[in-house]
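To keep things clear, I will list the structure first and then write my remarks on it.
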Amino acid sequence: MTLRDGLTLTAIVGGLAIMFFISRQSRDERVQPGSPEHAAYIDRMVIECLEKQWTWTNTDGSRDPRPLPEREVACREFVLQADRFDPSGRPLKRK
């Protein structure tokens with residue numbers, strides 16, 4: 001094994017070790033259900049759902065004909081279900 005081979009092997013192993021340790025570092029946590037931050041996040045997403053009509057499937061540009069309380073319940077269920085299926089969309093905890 002030549003010096004160049006040894007240095008290359010050392011660089012590869014060192015790079016892999018650095019990547020391993022960086023990937024194992026503590027990550028910021030997401031807000032947990034039941035916390036005030038989570039409730040504020042859900043409320044923001046419900047408002048956005050109402051504005052963008054995520055639960056309205058008609059694509060002809062018409063508005064959702066349901067009354068506002070009914071649309072709000074549908075949006076809240078939609079947002080909560082999406083949050084349960086993909087918790088990685090939750091905001092990070094503030095420190």
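Okay, here's what the table says:
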item	result
Glu29 being over 19 Å from Gly89 (Cα atoms) and in contact (Cβ under 8 Å) with a residue 24 or more places away in the chain	no
Members of region 33-63 that are within 15 Å of the chain's Cα centre (by Cα) and either exposed (fewer than 10 other Cβ atoms within 10 Å of the Cβ) or in a loop (DSSP other than H, G, I, E, B) (or both)	Pro33
Only listed residue being in contact with a helix residue (DSSP H, G or I) (Cβ under 9 Å, 6 or more places away or on another chain), surrounded by 10 or more Cβ atoms within 10 Å (Cβ to Cβ) and at pLDDT below 85, chosen from Arg30, Arg66, Arg71	Arg66
Residue that is nearest to the chain's Cα centre (by Cα) [pool: residues in region 1-32 that are of a type in the set (Gly, Ala, Ser) and not in a loop (DSSP other than H, G, I, E, B)]	Ser23
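The values are calculated or read from the model by the stated rules, or taken from the named source; none is laboratory data. It should be emphasised that the depicted structure is a prediction, and the values quoted were computed from it without experimental measurement. Heads up, the Cβs are rebuilt from the backbone with ideal geometry, glycines too, and the neighbour counts pull from every protein chain shown.
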